[in-house]
Amino acid sequence: MRCQECDHQNTEGAWLCINCGAKLPRPEDQESTAESPGRAAEPAAESDEPSRFAPQISENLRRLRDRTERERARQRPAQASPGTSGSFLGIPIMVWGLVIFVFIAFIYAMSALQ
């Protein structure tokens, strides 16, 4: 079933396009509009209401959202860089070691000048 908005090929029976989220034409909708042409304007007014789409999210979209959330949760711990395994005040321990080394070298240089 092709989306009329973005021309994406969706699975058969889907209610919303998985690519753009537009409502897909349903065989039941086409039959009802063919039987009563005077009522064609009424569903279009209701479709502008965002809450109307909430119960109609397809099972495929729910599975995709769940899988994406699981992948994001799995990637969060892996994003930590190797140098930031330990930190103090949000600054890696290696940076604190470098600052202390420079400070000690500065103190040693100043004491040598006296």
Inset, instruction - Considering each residue of the stretch 1-30, count those that are in contact with a Pro (Cβ under 9 Å, 6 or more places away or on another chain) and basic (Lys, Arg), and give that number. - result: 0
Inset, instruction - Tell me which residues, restricted to the stretch 1-21, are exposed (fewer than 15 other Cβ atoms within 10 Å of the Cβ), within 18 Å of residue 65 (Cα to Cα) and within 21 Å of the chain's Cα centre (by Cα). - result: 19, 20, 21
Inset, instruction - Kindly indicate whether any position in the stretch 86-99 is surrounded by 10 or more Cβ atoms within 10 Å (Cβ to Cβ), modelled with pLDDT under 80 and farther than 30 Å from residue 1 by Cα. - result: yes
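The values are calculated or read from the model by the stated rules, or taken from the named source; none is laboratory data. Quick caveat, the model's predicted, so the values are computed rather than measured. When we count neighbours, we look across all protein chains shown, and the Cβ atoms used for this are built from the backbone with ideal geometry, even at glycine.
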